[in-house]
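Every number here is computed from the coordinates shown, using simple stated rules; none is lab data. Because the structure is a prediction, the values reported are computed rather than measured. Cβ sites come from the backbone with ideal geometry, for glycine too, and all protein chains shown count toward neighbours.
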Protein chains: 2
Amino acid sequence: MSHSKDSSINVDALFLGPRSENRVFFKEMMAFAVGEHVHWRANYHPEDPALVTPQQQYQPDFRHTLYRTEDILRQLSARLKAQSVPFFSPRYLGHMNADTLMVSNLAYTMTAMYNPNNCAAEVSPVTTQLELEVGQQLAQMFGYSPEKAWGHLTSGGTVANYEGLWVARNLKTFPMAIAAHQATADLVADLSEQDLLNMAPDAVLDLISASQQRGEFEAVRDLSARGVGVMPGQLGKLLVPQSKHYSWQKAMDILGLGQQNIVPLPLDENYRTDIGALNQIVDEMMQAGTPILGVIAVVGTTEEGSVDPVDAVVALRERCQQQYGRSFYIHVDAAYAGYARSLFVGDDHQLLAYDDLIAHYRQQDTIPEGVQWPKPEVYSAFAALSKVDSITVDPHKVGYIPYAAGAIVMRDRRIVDLISYHAAYVFEGDRQGMALGSSIMEGSKAGATAAAVWAAHQLCPLSVNGYGEVIARGIVSADWLAKAIESAPVFNVDGRQFQLNLMMQPDFHMVNFTLKELGDDTLVGHNALNQKVYHYSSYLSGRPYDKSFLTSSTTLSRHEHGEAPAHFAAQMGFAASEWENTQEVYILRAAVMTHFLRDRARFEAYWQELLAIFERILQQIVEDEARLVRRNAGQN
Amino acid sequence: MSHSKDSSINVDALFLGPRSENRVFFKEMMAFAVGEHVHWRANYHPEDPALVTPQQQYQPDFRHTLYRTEDILRQLSARLKAQSVPFFSPRYLGHMNADTLMVSNLAYTMTAMYNPNNCAAEVSPVTTQLELEVGQQLAQMFGYSPEKAWGHLTSGGTVANYEGLWVARNLKTFPMAIAAHQATADLVADLSEQDLLNMAPDAVLDLISASQQRGEFEAVRDLSARGVGVMPGQLGKLLVPQSKHYSWQKAMDILGLGQQNIVPLPLDENYRTDIGALNQIVDEMMQAGTPILGVIAVVGTTEEGSVDPVDAVVALRERCQQQYGRSFYIHVDAAYAGYARSLFVGDDHQLLAYDDLIAHYRQQDTIPEGVQWPKPEVYSAFAALSKVDSITVDPHKVGYIPYAAGAIVMRDRRIVDLISYHAAYVFEGDRQGMALGSSIMEGSKAGATAAAVWAAHQLCPLSVNGYGEVIARGIVSADWLAKAIESAPVFNVDGRQFQLNLMMQPDFHMVNFTLKELGDDTLVGHNALNQKVYHYSSYLSGRPYDKSFLTSSTTLSRHEHGEAPAHFAAQMGFAASEWENTQEVYILRAAVMTHFLRDRARFEAYWQELLAIFERILQQIVEDEARLVRRNAGQN
C-alpha cells in the first residue's frame, strides 16, 4: 500500500473549525454554490418573458414579504444561537456529535436548491446515481463484493435496523412459502418444517433465484410474511444483546413480531455480548427446536462504544450449520462504529493483516506508540463484518455528516426482491436499479443527503488514509483521556474529597467515567453526585453556550445491562450489597469525536482546564448542598 | 374574518423565482445565516488557545485539502447543472414539484450548521420545540384541538402512513389485551370477542386512560400486538382505495399484517372511492363478523389529485356504530393535498361556511369568478378531516418545503402511549413531550427540517390568507389549463391530426390529459403515442435543461383503477372492446403547483407556447415514425 504525504488529507482543513478558522473558504464555497444555482435558473430559457420585474419587487407588499422573511430568519438565528449545543467544540464530549465535514454541509446546501427526491431517478437523475455509488462504497468498506452487495441511505440507523429485520423476517418465511406453493414445493421436498424454518440465508437466496427461474417467485412471495402476515411464535426468537438499543424493541413491535420474542443476550464486563452465554443459549434453542429469527451483534454500543465479537457470532453460525444443519440470519448494528472499518482497509479496499495495520499506524503516525488500538478482539470483530448478512451504519455519526443520514448494506442483493415494490407512476420506463423507492422502506427522501455523503467519500475515501485519518484522531484522544482519568489527582473541595473513575478501557472512542466522593460508600450517593455533575455539564442548567464543558450521561441498570455494571461498582470499592440494593450505576459518557485534541501539548492544556472545570463544578455542588442543609436547618 | 392587504403575502416574494429574480435577497440572507453561525462559533470561549493557525492554513497539505474540497464541489455542481430537473420553472408541470419557499431553504441551511438532532431535546433544544409547534399548527389546520392532538414530522408520507397503521394496529389489539389481563378484564366484562375487535377508537382511548389510572397500562400493552406480535387474520381487513399508493402495500407487509388482508375499494369515475360500494362492502363485513382494521381515505390521489369523500366515510362509521354497535379506525392519507385545508380556514383557524368561503375568495381574488373550486363535495371532504383519527400530510409536497419533510397528525394524543418507548441515555432528565425519538417511528432526524417547516408556517400561516394564497395560485392555473386543453385546436402534422383530451375536471390541481390521433381508434396506438410524447417531455430523451416542457405520466390500469379509466376511454371515443383488450390507458400527468401562471395574460402566452411545443413534439414523433417506416422498407 503506497501512501504519499503530498496527497494526504489535512484533517484540520476538513472542518469549519472551533473558531470558524476556515470561514473564508466556507463562505466562498457557499457563495459559489448559490451563484451556480442562481445562474442555472436564470439561463434556463432566457427567451421567456420576465415573470417578476423590478417594479413589482419594489412594491410595498413585495418588500413587506421580504422584510417578514428576514425577520423570521433573524428570530430563528437568535433562538439557535441562544440554545444550541456547541457540538463543534472540543469542550463538547457527549453524544456522537462533533463538527461536521465542510464539504458535506456545502454539498447539501448546493444540492437542496435543486430539490431532488431520491424516491425515483426521474426526479433525481443525479442524486439517485450518487446514492447508489455511496451504497457500493459502504459495501466495499465492509468487505462485501460491490457487484453482489446492495446498499442505500436511510433517514437513520433506526430505520436501517427496521429494514434489516424486515428482510430477515421475510427471508425466514420464504422456505415455508416455497414448500406451500405447488410449483416450487419440489425444491424443498426433502426438508422438514424444522429444516425450512432454520435454513441458512445463502440457501434461501438460492431458492429466490430458483423460483425466479421458474417464473414462480412472485407467487411464492405472496405466501411469505409479505402476503399472509407473520406468525410470531413460529418464526422463533431474535437474539439481541441485553443492552439492546430501544430501536430493536420498536422494530419487533412494528414488524408484528412482538417484543416478547426478543431473547436478551448477557453482557460481559466489557459490555460486549457474552459469547459463552450466546453459545449456550443457541445450543439450547437448537436442541429444543426453537427457530432463531436472527442474531443481532452491535459494533459500537450506544452507551459504551463496545464492539461485539462478530467473528464469534459468525463462527457460532458455522458450527450450528455443521452440528445441527441449522442456521440463522446475522445483522450487525454498526450505526455508531461502522465507519471505523475504514481504519482496517487499505486504498485497495482490502483488509490489512493485524501486524501490517499496526505498522502502518506507526509509520503514518495515525495511531502513535503507547495507544493500544485496536485491541486484537476488536480487530477480529471488524474483520468478520464481511461475513454477516446485513449491516446498519450511520454517516451522521462517525461519518461526520450532518443529520439525517443513515444507511444499510446487504451482502447479497438478491435479498431485496423479498421486499421490493413498484408503482407505475414513479418508475415508468426506468431502470429497476434506479427506482429506490421501490426497493427500500422509505419513499420520498432528500437527494441532497446522498450528495452530502458522496462528497465526503470523494474527499475522504473509506480507507485508512481517508476516513481512517479523521476517525483515528478521536480514538487517540479518547485513549489519552481514559488514561488521564485513571491517573487523575483527587479533588479537595471544602474538606471533601472526590475521585475520578474510568469505567473501562474503551473499544472505540467513548470514555465512560464517574466521580466518587471518598468516604461515601453508597451507590445512591454516587449516582446522585454524578447526576449533579451532569446537571452542570449540560443544557439542563442553562444555555449550553455558557458552559465550559458539556457531556452526556446514562444509567447502567441490571435490567438493561445485567451484571456488567457490578464490575465497575466493585472496582470503585462499593460493596456487593450496594449493587444489589441499587441495581444501577449512573455514569458520565463522553464520545471523543473531536479531531482537535490529537496533539499532545494541546491535550495536556485541555486536560488541565478540564480538571479545573470539574473542580468548579464540585465546588458548586458542595455549595448547593451546604445551602440546602442551612435552609433545612432554618426551617426546623 | 378581517384581512388587511397591507399585511398580506406577496406570493412572488416567497420564492427565488424562475430566473432567480430574488437572488439579491436570497444571497444576502444566505450570507446572514453563515455569518451568524461563524461568529457564534468564534465567540464561544474566545479565551481558548488557537487550534488552527494561519501558518497551518497555508501549509501545502492544508491548501491541497481545500483545493480538493473545491474540486469536488465543482464536480457536483457540474453534474447537478447538467442533469437536474428545473422544478422551479412553470415549464415543469409533472410530479408535485415546484419552486420551494426561500425562507425554508434559508432556515434549513442556517439550522443545519448547528446540526441539531430531533431525536431528543438534549441534542436539539431549539428544533424539538419548533417541531412540536409545527405539529400543533398542522393539527389546528385540520380542525383538531391543539391541546388534545399530537403531530410531528417524518421523513415523508410513506413513513407517516406506516406510523398511522402502526397505531391503528396496536389500538385494534388493545381491548383484547385488556380482556386478557386479570386486573383490567372487568373493564370489558360485558363484551364479546366481536365487540372487542370492533370497538370505537374513542372507546379504546378511554380504556388506555382507565388502565393507566389503575397502574396496569404497561402490563396490558405487553399483551397487545406490541408485546405478542400480530395475528393477521384476527385483526381483520384494511380497506384501501383500489388506486392504493404502494406505500399501503409496503405498510401491510412491514407491519406483519399481510398484503392479502387489504380489501381494495372500487373507484368512481372521478377516481374517488365509490362510496356506495364502500357501504356495501362494510355492511357485508359487519354482517359476516369480519373485523375492519381500518379504512384509508385519500385526499389527493397520487395520480389524479382526487379527493375521497371523507365525510361519507365518517358518516358510515357513525352508522355502523348505531346499526351494529361496531366501529373502525379512519386514517386519511393527505400527503399530497393536506396543506390545502389552509384554504378552508380563517385566521382564527375555524372552518369557513361554504358560501362565506366563496365570498372571501371572490373578495380577495384568491379564486376568481369562473373557477369552480372547491366542488361542494371536495369542500365536505376537507371539512370532515377534523373527525378522522389520524392524517398524513407532506410539507415537501404542497407545503413547498424542500425534501424530506412529511408529517403525521393524530386527533387524540393518548394514542401515542400505544407505541412510545424510552431509552435511558437519550431522554434522561427530560420532559416526556420533548423526547420525540421515544414516541415516533424514526430515531435520529434533522432538526433543520423542523426549522424549515416552522419558518414557512411563520411566514405563511395555515389559513386562507397564508398558505391559501400560495396554493390557490396552482388551483386556478390548473383550472385554466384544464379548460384550455378541453377547447384546444386540432394539431395538423404532415397530414395527420391529433387532438388533446382532458381526462376530467380535477378535484385539486392535477391536470391529466392525453393526445389522440384522429382516425386511430386503438387504445394501443393511443398509449404508444402518449409514451412518445412523455419521452420527449422528460429526462428520458436527454438533459432536462434542454427541454421546453417537462411533464410526468402514468398508466391507469384495470388492475389498479378498476373501471374508472374506461370512462375516459369511452369519452375519447374508444370502443368498449378496446378497453377490454388493453385494460390500461397511458396518460400525461401535470401537477400545476407553480405560482407564476396565475395571471391571465401570462397564462395565455404560456398556453400558446405550450401548443407550439406540443406541435413540435408531434412533428418529431411523426418524423421518427416515417424514418422507421423507411428503414424497415429499405431492409425488405
**Fill in**
Distances in nm between the label point of B:F32 (7 Å along Cα→Cβ) and its equivalents in the other copies, shortest first, are 2.6
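Suppose every Lys and Arg Cβ carries +1 and every Asp and Glu Cβ carries -1, with no other charges. What dipole size does chain B come out with about its Cα centre, to the nearest 20 debye? List each step's numbers first, then the result.
Details: 50 positive and 72 negative charges, 312 e Å.
So the magnitude is around 1500 debye.
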**Asked** Any idea what the B:L540 label distances to the other copies are, label 7 Å down the Cα→Cβ vector, nm, shortest first?
**Response** 5.9
**Request:** Mind ranking A:286-297, A:93-104, B:516-527 by how tightly packed they are, going by the mean number of other C-beta atoms within 10 angstrom, highest first?
**Result:** A:93-104, A:286-297, B:516-527
**Prompt:** To the nearest 500 deg cm²/dmol, what mean residue ellipticity at 222 nm is calculated for the protein assembly as shown from DSSP H runs of n ≥ 4 alone, each contributing -39,500 (n - 2.57), summed and divided by the residues?
**Reply:** -14500 deg cm²/dmol
**Request:** Enter the mean number of other protein chain beta carbons within 10 Å of the beta carbon of each residue in B:57-65, as an integer.
**Result:** 6
**Asked** So if R0 is 35 Å, what FRET efficiency would B:A31 and A:S548 give, r being the distance between their Cβ atoms, rounded to the nearest 0.05?
**Response** 0.70
**Request:** Using the charge dipole of the protein assembly as shown (Lys, Arg: +1 at Cβ; Asp, Glu: -1 at Cβ; taken about the Cα centre), state which of A:T273, A:Q497, A:P49 has its Cα farthest towards the positive end.
**Result:** A:P49
**Message:** Cut-off 20 Å, label point 7 angstrom out along Cα-to-Cβ of B:D347: give me the residues of the range B:454-472 whose amide nitrogen falls inside.
**Reply:** B:455-472
**Reach of B:K387 by Cα under 18 Å, taken over aspartates and glutamates that are not fewer than 8 positions away in the same chain** = B:E147, B:D202, B:D206, B:D308, B:D311, B:E318, B:D333, B:E377, B:D412
**Request:** Would you mind checking B:K516/B:K547; A:K250/B:K250; A:K244/A:K445 for any pair whose Cα atoms are more than 25 angstrom apart?
**Result:** A:K244/A:K445
**Asked** Going by the alpha-carbon gyration tensor, a ≥ b ≥ c the square roots of its eigenvalues, is the range A:472-635 rounded (a/c under 1.5) or, if a/c is not under 1.5, prolate (a/b greater than b/c) versus oblate?
**Response** oblate
**Prompt:** Based on the Cβ-Cβ distance of A:Y354 and A:D521, what FRET efficiency does E = 1/(1 + (r/R0)^6) give at R0 = 56 Å, to the nearest 0.05?
**Reply:** 0.85
**Alpha-carbon centroids, the range B:594-636 and the range A:554-595: separation in whole Å** = 72
**Message:** So if I place +1 on the C-beta of Lys and Arg and -1 on the C-beta of Asp and Glu, and nothing else carries charge, what would the dipole magnitude of the range A:472-635 be about its Cα centre? I want it in debye, nearest 20.
**Reply:** 560
**Message:** For a quick check: sort B:S487, B:S552 by the number of other beta carbons within 10 angstrom, fewest at the front.
**Reply:** B:S487, B:S552
**Message:** Under the convention of a label 7 Å out along Cα→Cβ, give the distances in nm from B:R496 to the same position in every other copy, shortest first.
**Reply:** 9.0
**For chain B, with +1 on Lys and Arg beta carbons and -1 on Asp and Glu, the positive-most of B:Q583, B:V524, B:V240 along the dipole** = B:V524
**Request:** Compute the separation of the alpha-carbon centres of the range B:102-139 and the range B:29-48 and state it in Å as a whole number.
**Result:** 19
**Item:** Shape category assigned to chain A from the gyration tensor of Cα positions, a/c cut at 1.5
**Value:** oblate
**Request:** Apply 1/(1 + (r/R0)^6) to the Cβ-Cβ distance of A:R214 and B:R496, taking R0 = 56 Å, and write down the FRET efficiency to the nearest 0.05.
**Result:** 0.80
**Leading residue at positive end of dipole, the protein assembly as shown (Cβ point charges), from A:G151, B:M29, A:A112** = B:M29
**Complete:** Full extension between B:S541 and B:D283 adds, at 0.36 nm per residue less the Cα distance, a length in nm of 87.8 nm
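What's the exposure ranking of A:H37, B:H181, B:H535, going from fewest to most Cβ atoms within 10 Å?
Ranking A:H37, B:H181, B:H535 by Cβ neighbours within 10 Å, fewest first, gives B:H535, B:H181, A:H37.
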**Request:** Starting at the first residue of the range A:102-115, write each ³J(HN,Hα) from the Karplus equation 6.51 cos²θ - 1.76 cosθ + 1.60 with θ = phi - 60°, in whole Hz, x for Gly and Pro.
**Result:** 3, 4, 6, 4, 5, 5, 5, 4, 4, 6, 4, 5, 8, 6
**Prompt:** Taking the alpha-carbon centroid of each part, what is the distance from the range B:214-270 to the range A:310-344 in angstrom?
**Reply:** 33
**Fill in**
Yeah, the range A:373-532 with a ≥ b ≥ c from its alpha-carbon gyration tensor (a/c under 1.5 is rounded, else prolate when a/b outruns b/c, oblate otherwise) is prolate
**Complete:** When B:S538, B:S477 are arranged by how many other beta-carbons sit within 10 Å of their Cβ, fewest first, they go B:S538, B:S477
**Assigned charges on the beta-carbon of Lys, Arg, Asp, Glu; the range B:5-114 dipole about Cα centre (debye)** = 520
**Prompt:** For A:L196, what charge total do you get from the other residues with a beta carbon under 11 Å from its beta carbon, if Lys and Arg give +1 and Asp and Glu give -1?
**Reply:** -1
